[in-house]
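Colleague: Below is a structure I'd like to ask you about.
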Amino acid sequence: MAEFVPVDPFDLIIFGGTGDLAQRKLLPALFHRDGDGQFSDDSRIVAVSRGEIDSEAYRQWVRETLEAQLSAKELKENVWQRFAARLHHVALDMQAETGWDDLGAALDADAKRSRVFYLATAPSLFGTVAQRLHDAGLTNERSRIVLEKPVGHDFDSAREINDAVGAVFAESQIYRIDHYLGKETVQNVLALRFGNSLFEPLWARGAVDHVQITVAEHLGVGQRFDFYNRTGALRDMVQNHMLQLLCMVAMEPPASMHHDDIRNEKIKVLRALKPITREVVNRVTVRGRYTAGIVGGEPVPGYREEGENPEIKNAAQDTETFVAIKAEIDNWRWNGTPFYLRTGKRMARKLSEIVFQFKPVPHSIFGEQPLTPNRLVLSLQPEEGVQLTLMTKEPGPGGFRMRSLPLNLNFPDAFAVTYPDAYERLLMEVLRGNPALFMRRDEIETAWRWIDRIIDSWHTRGVRTHEYMAGSWGPTDSFVLLDRDDRRWAQPE
C-alpha cells in the first residue's frame, strides 16, 4: 500500500507568492501535502511579492484562496492552523538591488536546511533573481531553484536564461518544471513498458502503425490573452508538454531509473526528430484559431473577441490557438512510424491522451467481418487510466460475430488511496532533491531548436491559421493531415 514519506525540514521561497500560479496550483498543492503529514513542524513557506502586506494579511489572503478552491471537507481546521503557521510574506521588488536583506532575515539560518527558490514569475526575471540571491549570500550547496515554463520563447532566449541561472546554480540544483511529467499515467508509461514483457516487443515500428498525442482544452485563453497573443499554441504547449510526452513514449529503455539515465534517453528522441522544413511545413503542420461557438452547452466568444485591448485584438489575427503536427523520429525503433500531435483551446472537451494504433492483422480468417486494429490508450485527463482494445467473439447464437472491446485500468477505481496531483508530486520531488521528473538544459534547448525551425518555416511560407468553431475538434485541415495518410484521429469516447 502506498504511504506518504515526510521530507526533511525546508524553507520554500515562492517568488510571485500572490500570483495566479500560486493561487491556483502551488498553495492548494502544499496544503494537501501538509494535510497528509509530509512536512516537518519547522518547515516554512515564504512568499515574495511586491505587495506591501505583512505575514498576517498574507495568511488571510491564502485562507480566502483555499476556501474558494477547496471543499469544507478538504479545508480541515487543524491542518489550516498548522499550515498557516508556516506562511510568511516578504515585500520585495525582484528587479531592485535593495531589499534582499529582508528576505535573508526571514529565512532560517540553519545551513543544513534545504532552501528551495520557486520562481513563479515571468521568465525574463529568472536570471535576475538568481543573481540577486547569490549577491545577497542566500544560496548554498543545498539550495535549489525551480523554473516555471516557458524557459524562453526561442532557442537563443532559452540559452540566455540557462546561462544566467547556471552562473549561480549547478545544473543539479536547477529544476525546470513541466507539470505533465508529474501525472500518474505519464509515469506509468515506464512501468507499462519496462515492467511487462508483453509490450516491449510491440513498442516499435514493426507493430505500431502510428501514435497520436492529443492535449485538448475546453477553455479559451481568457485572461491570458496578452500572453497567448505573443506566444501561441506551438510555443505554449508543443515545445514543452507535448514533446515531453513524445519523449516518454518513444525513448529507448534507460539503464536504470536514475534521473540522468532517463534524461539521456529522452534527449536522444529530441535529437532524432526529423526537422520540419519550409518544403514540407504546409503538408505536415496545421495552424488554427477558434471562432465563436458552443462549449458545454454555453455560447462562448471567438479568440479575437476575448482580448480587452483593441490594438492587441487587431494584431491577434495570426496567433494560433490550435496546432497539429505530423512528427517523425529518424531512428531504428520508429523510422517510418508517424507521431501525430494536436493541441488546442476551446475544443469539444478537456482531454489529454496518448493513442498507440497497432497495425491490422496480416490476414483475416473471419470472412467479410471487419476487424478493428488493436489500440492502446493512455488517458491523462480528465481521468487517468490505461485502455487496451481487443477483438473478441460476441457470445450467443447466430454465427461467429466479432466485436472490439476494451480492457480498462481506471486509476481512481483500481487504487483506493488518493494519490497526489501533478503539482503536488513535483513539489515533493523538488523538496526531496530528486530531479528525475524535471527537464535538463539540453532537453529544453534541443526542443527549442526543433520548434524554431517550424516557426521559421511558417513565416517563410506564410502559413496561415485556419478557423475552427469553438466546441469542435479543430480545423478541417487537421483531419486532412491524417486523411492524406489514410488514417483518422481517434474518436474520444
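Colleague: Could you please state how large a percent of the accessible area of the stretch 1-97 is carbon and sulfur, counting protein chains only and using a 1.4 Å probe?
Modeller: Answer for the stretch 1-97: carbon and sulfur cover 47 percent of the accessible area.
Colleague: Also: Find the relative contact order for the chain and round it to a whole percent, using C-alpha pairs within less than 8 Å whose residues are 6+ positions apart.
Modeller: 18 percent.
Colleague: In deg cm²/dmol and to the nearest 500, what is the mean residue ellipticity at 222 nm of the chain if only DSSP H runs of at least 4 residues count, each as -39500 (n - 2.57), divided by the residue total?
Modeller: -9500 deg cm²/dmol
Colleague: Also, quick follow-up: Within the stretch 323-360, list the chymotrypsin sites (Phe, Trp or Tyr not before Pro) lying in a DSSP loop whose Cβ has at most 15 other Cβ atoms in a 10 Å radius.
Modeller: Counting only loop positions with at most 15 other Cβ atoms within 10 Å, the chymotrypsin sites (Phe, Trp or Tyr not before Pro) in the stretch 323-360 are W332.
Colleague: Please go through the stretch 97-161 and write out the GluC sites (Glu not before Pro) that DSSP classes as loop and that have at most 15 other C-beta atoms within 10 Å.
Modeller: The qualifying sites are E97, E141.
Colleague: Give, as ranges by residue number, the residues of the stretch 365-397 whose backbone N falls under 20 Å from the point 7 Å along Cα→Cβ of D486.
Modeller: Answer for the stretch 365-397: 365-375.
Colleague: Amide H neighbours of M439 under 5 Å, at least 5 residues apart or on other chains, H built in the peptide plane: list them.
Modeller: Counting only residues 5 or more places away or on other chains, the set is R176, D178.
Colleague: Suppose every K and R has +1 on its Cβ and every D and E has -1 on its Cβ; what is the size of the dipole of the chain about the Cα centre, in Debye to the nearest 20?
Modeller: In debye, rounded to 20, the chain gives about 1620.
Colleague: Would you mind listing how long the chain runs along its three principal axes, going by Cα atoms, in whole Å with the largest first?
Modeller: 79, 55, 46 Å, listed from the longest principal axis down.
Colleague: Right, here's the next one. Pull out the extension gain between R449 and D8, defined as 0.36 nm times the separation in residues minus the alpha carbon to alpha carbon distance; nm, one decimal.
Modeller: 154.9 nm is the gain from fully extending R449 to D8.
Colleague: A further question follows. Just flag the trypsin sites (Lys or Arg not before Pro) in the stretch 322-365 sitting in loop per DSSP whose Cβ has no more than 15 other Cβ atoms within 10 Å.
Modeller: R349, K350
Colleague: While we're looking at this one, here's another question. From the backbone phi of the stretch 426-442, what are the Karplus-calculated ³J(HN,Hα) couplings (6.51 cos²θ - 1.76 cosθ + 1.60, θ = phi - 60°) in whole Hz, Gly and Pro given as x?
Modeller: 5, 4, 5, 5, 5, 5, 7, x, 10, x, 4, 9, 10, 8, 7, 4, 5
Colleague: Next up: Which whole-Hz ³J(HN,Hα) couplings does the stretch 115-131 yield from phi under the Karplus relation 6.51 cos²θ - 1.76 cosθ + 1.60, θ = phi - 60°, glycine and proline marked x?
Modeller: 10, 10, 9, 9, 9, 8, 10, 5, x, 4, 9, 4, x, 4, 5, 4, 5
Colleague: What is the set of long-range amide H partners of H153 at a cut-off below 5 Å, with H atoms built 1.01 Å from backbone N?
Modeller: A158
Colleague: Go ahead and run the numbers for FRET between K76 and K350, Cβ-Cβ distance against an R0 of 25 Å, rounding to 0.05.
Modeller: 0.30
Colleague: Under 5 Å between amide H atoms, partner at least 5 residues away or on a different chain: which partners does H210 have, H built in plane at 1.01 Å?
Modeller: Amide H to amide H, under 5 Å and 5 or more residues apart or across chains, H210 pairs with Q357.
Colleague: With θ taken as phi - 60° and the coefficients 6.51, -1.76 and 1.60, list the Karplus ³J(HN,Hα) couplings across the stretch 285-293 in order, rounded to whole Hz; mark glycine and proline as x.
Modeller: 9, 9, 10, x, 8, 7, 10, 4, x
Colleague: On to the next question. In whole Å, what are the Cα extents of the stretch 1-136 along the three principal axes, biggest one first?
Modeller: Ordered largest first, the stretch 1-136 gives principal extents of 45, 33, 26 Å.
The values are calculated or read from the model by the stated rules, or taken from the named source; none is laboratory data. Please read these numbers as outputs of a predicted model, since none were measured by experiment. Note: ideal-geometry Cβ built from the backbone for every residue, glycine included; neighbour counts use all protein chains shown. The protein model used for the area step is the full one, side chains on, heavy atoms only, and it has no ligands, DNA or RNA in it. Shrake-Rupley method; radii C 1.70, N 1.55, O 1.52, S 1.80 Å.
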